[in-house]
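Novice: The following block contains the structure, expressed as structure tokens.
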Amino acid sequence: AAGSLFTGFFDAATSLTDAFRSLQLGLAFKHEPLFFSGWYSYSPGPVFCRPDRSSADGLTPVPGVTDRPTICAILFESTAQMPYQNGGTYLSDDNENVICRALLPDSMAVATDGWKPFSLDFVPLNGRSIDRKKLEEGRYSLAIVFSSSNDGGNFRAAVGSWLLIDDIFITV
């Protein structure tokens, strides 16, 4: 599994039966986020692999694929049916609860030579907008996710990938 850092909680009880749902992403947030910024340094591991129960180490190399990181922040409406996001929902464009997202683009999700700055706009998804009343009532949450392997939740990654982060800001 990929190394990750996120806002929210980890439910160890479901981690072996439903890894995606063991991540309970998001904390209450009462501000309109404009930018997500900071610094990162990234190095992918040498061999990207996928799970394979028939191999001796449980992995099979995937030629031509290079690991890449995830740097993402989302603002979402927290409801009784979906009080938090999880590893399977937070990046979905079809997730109606997600209002806006700041996501490191693929063009920047590559190996770096030292520290690189990032500044990402929060972009509304599918024409959604922030409801001021819901914002004031505290019905929105903010989730921030950093992962050394973008597809690590599916156990598709390169052993040895690393992501360093520093000076992270949410500008409101």
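The values are calculated or read from the model by the stated rules, or taken from the named source; none is laboratory data. If you're wondering where the values come from, they're calculated on a predicted model, not measured in any experiment. No Cβ is skipped: glycine too gets one built from the backbone with ideal geometry, and neighbour counts run over all protein chains shown. Accessible surface is based on the protein model in full, side chains and every heavy atom, while ligands, DNA and RNA are left aside. Shrake-Rupley method; radii C 1.70, N 1.55, O 1.52, S 1.80 Å.
Novice: Could you list, in sequence order, the residues of segment 21-60 that are over 30 Å from Pro117 (Cβ atoms), in contact with a Leu (Cβ under 8 Å, 6 or more places away or on another chain) and among the hydrophobic types (A, V, I, L, M, F, W, C)?
Specialist: Cys49, the sole residue that qualifies.
Novice: Sticking with this structure for a sec: Return yes when Ser141 is farther than 13 Å from Ile74 by Cα and of a type outside the set (A, V, I, L, M) and no when it is not.
Specialist: When the stated conditions are applied, Ser141 does not pass them.
Novice: Quick check on my filter: what residues within segment 22-36 are open to solvent by 40 Å² or more (accessible area, probe 1.4 Å), within 18 Å of Val123 (Cβ to Cβ) and assigned to a strand (DSSP E or B)?
Specialist: Within segment 22-36, just Phe35 meets the criteria.
Novice: Out of all the residues in segment 145-172, which are within 16 Å of Thr7 (Cβ to Cβ) and either in a loop (DSSP other than H, G, I, E, B) or acidic (Asp, Glu) (or both)?
Specialist: Matches in segment 145-172: Val172 only.
Novice: Answer with yes or no whether Phe118 is assigned to a strand (DSSP E or B), open to solvent by 50 Å² or more (accessible area, probe 1.4 Å) and either touching a residue at least 24 places away in the same chain (Cβ under 8 Å) or farther than 12 Å from Pro69 by Cα (or both).
Specialist: Working: assigned to a strand (DSSP E or B): yes; open to solvent by 50 Å² or more (accessible area, probe 1.4 Å): no; either touching a residue at least 24 places away in the same chain (Cβ under 8 Å) or farther than 12 Å from Pro69 by Cα (or both): yes.
Spelling it out, it is not the case that Phe118 is assigned to a strand (DSSP E or B), open to solvent by 50 Å² or more (accessible area, probe 1.4 Å) and either touching a residue at least 24 places away in the same chain (Cβ under 8 Å) or farther than 12 Å from Pro69 by Cα (or both).
Novice: Looking at Ser141, is it under 21 Å from Val65 (Cα atoms), in contact with a strand residue (DSSP E or B) (Cβ under 8 Å, 6 or more places away or on another chain) and crowded, with 17+ Cβ neighbours inside 10 Å?
Specialist: Considered against the rule, which asks whether it is under 21 Å from Val65 (Cα atoms), in contact with a strand residue (DSSP E or B) (Cβ under 8 Å, 6 or more places away or on another chain) and crowded, with 17+ Cβ neighbours inside 10 Å, Ser141 comes out as no.
Novice: One residue is enough: does segment 61-69 have a residue meeting the conditions free of Cβ contacts under 8 Å to residues at least 60 places away in the same chain, over 21 Å from Tyr42 (Cα atoms), in a loop (DSSP other than H, G, I, E, B) and over 13 Å from the mean Cα position of the chain (by Cα)?
Specialist: Within segment 61-69, not a single residue is free of Cβ contacts under 8 Å to residues at least 60 places away in the same chain, over 21 Å from Tyr42 (Cα atoms), in a loop (DSSP other than H, G, I, E, B) and over 13 Å from the mean Cα position of the chain (by Cα).
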